[in-house]
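J.: Quick one: the structure is below, and I'll ask about it shortly.
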Amino acid sequence: MTTARFRVGPSDGPTVADVLERLGGASPGLAGAAAEGRAFLNARRARPDDAVAPGDELAVWPARRDAPGAPPVEVLARWGEILVASKPAALPTEPERRGTRSLVTEVAELLGLRAPPHAASRLDVGVSGVVLCATGPRGQRHLAAMREAGRVARVYVGIAGGRVEGAGTWDAPIGAARSRGRSLPAVGGAGAKEAATRYRAVASAGGGAAPATLLRLDPVTGRMHQLRVHAAHAGAPLLGDRDHGGARSVTTARGRVLPLARVALHALRVAVPDEAGEERAALAPVPDELRDLWGALDGDGSAWEEVLTGTPEAALPLAAPSGGAR
């Protein structure tokens with residue numbers, strides 16, 4: 001199936017969902033395209049309840065299911081128009097043009113929502129953990145205000161290749177640079193903006209020629225790939241982070257080679273005040289593949305429980321994040 005393009009007529013219906021339902025009678029697979037993120041109204045991604053007018057162009061990309069076997073999405077907490085979901089590493093946060101399974105479409109299906117929720121934070125494919133979402137405009141406005149005020153607190157845990165000692169703050173500015181023919185976030189790249197990540201080395205493993213460090217990471221700002229870029233700049237790229245120099249595989253002390261299919265980074269906890277000012281928090285358990293990787297490196301399994309104890313040293317005042325660090 002190629003991309004289907006339609007010109008909305010005067011009797012096609014008042015919303016994108018109406019138009020697609022009408023067209024779906026002749027072309028199966030169109031009716032659910034907006035909920036799956038495959039419908040574009042006048043070149044912008046459309047939601048089912050978006051209003052249409054005669055003459056508007058509606059484009060529908062073909063479906064593609066290319067994330068088989070991903071663990072199920074879980075809704076960890078929900079209050080008012082805000083929810084926290086746990087994203088498996090294999091899924092994108094939002095649908096790609098071809099309607100690949102995504103966190104928000106899975107949440108919509110799980111909860112029976114008419115349209116996918118708005119993701120107020122995003123995690124890259126290859127990164128797992130908590131994602132804040134809004135199911136309506138009131139929730140979206142509240143989360144935007146909390147982010148602007150620096151009231152959204154996140155804790156990540158990662159496994160870095162290399163030795164990191166102690167705790168402190170990484171504060172190298174992050175911009176964009178060309179790498180292998182594409183633009184990637186990088187320290188000191190074009191348009192670099194201030195960035196800050198609090199870090200703490202929780203435990204070490206590996207030893208010998210292949211040391212590794214279990215890190216707690218608290219983003220103060222929220223630049224794209226911030227945690228991954230800062231770890232790489234510190235000489236300890238996260239395992240599996242191919243974009244920023246992370247190892248594609250690791251060799252255990254027993255000589256076993258383990259390929260790395262994901263970035264060793266997990267968004268562990270998020271906390272944000274609700275509309276009444278009461279702090280709400282949610283925790284996404286560390287996935288088995290990261291626990292297994294740490295164990296294969298002879299890491300102490302109890303170290304995971306130490307990630308949320310204490311806080312990194314050299315604490316900074318909370319700054320307003322601008323996006324999502326991942």
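J.: Could I have the simple spin-label model distance between A144 and R5, label points 7 Å from Cα toward Cβ, reported in nm to one decimal?
T.: Placing both labels 7 Å along Cα→Cβ, they lie 3.1 nm apart.
J.: Also, quick follow-up: May I ask for the Rg/Rh ratio of the stretch 211-275, computed from Cα atoms with Rh as the Kirkwood radius, given to two decimals?
T.: 1.06
J.: Count neighbours as other Cβ atoms within 10 Å of each site's Cβ, and list the trypsin sites (Lys or Arg not before Pro) in the stretch 250-301 that are DSSP loop with at most 14 such neighbours. Please report the intermediate quantities before stating the final value.
T.: Numbers: sites: R254, R256, R262, R269, R280, R291; in loops: R254, R256, R262.
Those that pass, being in a loop and sparsely packed, are R254, R256.
J.: At q = 0.21 Å⁻¹, work out log10 I(q)/I(0) for the stretch 125-177 with the Debye formula, treating every Cα as an identical point scatterer and leaving solvent out; two decimals please.
T.: Debye curve over Cα of the stretch 125-177, log10 I(q)/I(0) at q = 0.21 Å⁻¹: -1.10.
J.: Looking at the stretch 165-261, I'd like the Rg to Rh ratio, where Rg is from alpha-carbon atoms and Rh is Kirkwood's inverse mean 1/r.
T.: Here the Rg-to-Rh quotient is 1.01.
J.: While we're looking at this one, here's another question. Do you know the relative contact order of the stretch 192-266, to the nearest whole percent, from alpha carbon pairs under 8 angstrom that are 6+ apart?
T.: Contact order relative to length: 21 percent.
J.: Ignoring ligands and nucleic acids, what accessible area does R78 show with a 1.4 Å probe (Å², nearest 10)?
T.: Number for this one is 120 Å².
The values are calculated or read from the model by the stated rules, or taken from the named source; none is laboratory data. Owing to the predicted nature of the structure, the values given are computational and were not obtained by experimental measurement. Cβ coordinates were reconstructed from backbone atoms using ideal geometry, including for glycine residues, and neighbour counts include every protein chain displayed. Just the protein is used for accessible areas: all its heavy atoms, side chains included, with ligands, DNA and RNA removed. Shrake-Rupley method; radii C 1.70, N 1.55, O 1.52, S 1.80 Å.
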